[in-house]
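S.K.: Take this structure first; my questions come after.
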Amino acid sequence: MGIFSGRYECKVDPKGRLALPARIKAAIPDSNGDTLVLRHGDDGCLALYPHVEFNKLLNQVNSLSDRDPLHRKIKRAFFEGMTEVELDSAGRFLIPKTFLQAAGIDKDASVNGMGSYVEIWNPDKYTANKIDDNDELTTLM
């Protein structure tokens with residue numbers, strides 16, 4: 001599998017479809033097929049996973065106890081906040097309206113590679129959640 005990297009400014013069409021940038025699409029493993037998993041991500045973004053990476057996260061959530069009230073809440077939120085999406089021949093996929101609304105995405109989206117998955121942001125929210133100063137990044141790392 002390739003590594004998802006880079007930041008791309010994209011458009012969401014009136015039907016709610018987003019075309020993946022060519023470099024992002026090329027990093028999806030061939031064995032994945034055309035179906036990806038979209039979920040509500042952290043900090044107000046959407047997270048898009050190939051199945052091999054999503055299954056790692058799924059295994060962690062499935063290992064939580066059904067007898068623990070907090071674990072049940074985590075599982076409910078996790079499974080409620082995800083859906084499978086299918087890439088069409090143009091590399092586009094439909095983002096459900098509820099997901100677009102939750103992330104505050106209208107026409108413009110920032111698509112960011114995160115190594116093993118992709119984040120999709122409202123551009124203003126992304127700006128508020130990134131580090132611009134290389135010195136600050138060096139200090140934090």
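S.K.: Out of the total accessible area of the stretch 1-65 (probe 1.4 Å, heavy atoms of protein only), what percent is carbon and sulfur?
M.R.: That fraction is 49 percent.
S.K.: Then there is this: Of the candidates 14, 29, 96, which one comes out as most mobile in a Gaussian network treatment of the chain with C-alpha springs shorter than 10 Å?
M.R.: Comparing 14, 29, 96 in the GNM, the peak value goes to 14.
S.K.: Which value, in Å², gives the accessible area per residue of the chain when a 1.4 Å probe is used on the protein heavy atoms?
M.R.: The answer is 61 Å² per residue.
S.K.: Related question: Excluding ligands and nucleic acids, what accessible area in Å² is computed for residue 114 using a 1.4 Å probe, to the nearest 10?
M.R.: 90
S.K.: Could you give the spread of the C-alpha atoms of the stretch 54-94 along their three principal axes, from largest to smallest, in whole angstroms?
M.R.: 44, 17, 8
S.K.: If you don't mind, another one. DSSP loop (so not H, G, I, E, B), at most 16 other Cβ within 10 Å: list which trypsin sites (Lys or Arg not before Pro) in the stretch 66-126 pass both filters.
M.R.: 67, 107
The values are calculated or read from the model by the stated rules, or taken from the named source; none is laboratory data. Everything numeric in this text was worked out from a predicted model, so none of it was measured. Using ideal geometry, Cβ is built from the backbone for each residue, glycine included, and neighbour counts are taken over all protein chains shown. Side chains are part of the model used for accessible areas, which takes the heavy atoms of the whole protein and leaves out ligands, DNA and RNA. Shrake-Rupley method; radii C 1.70, N 1.55, O 1.52, S 1.80 Å.
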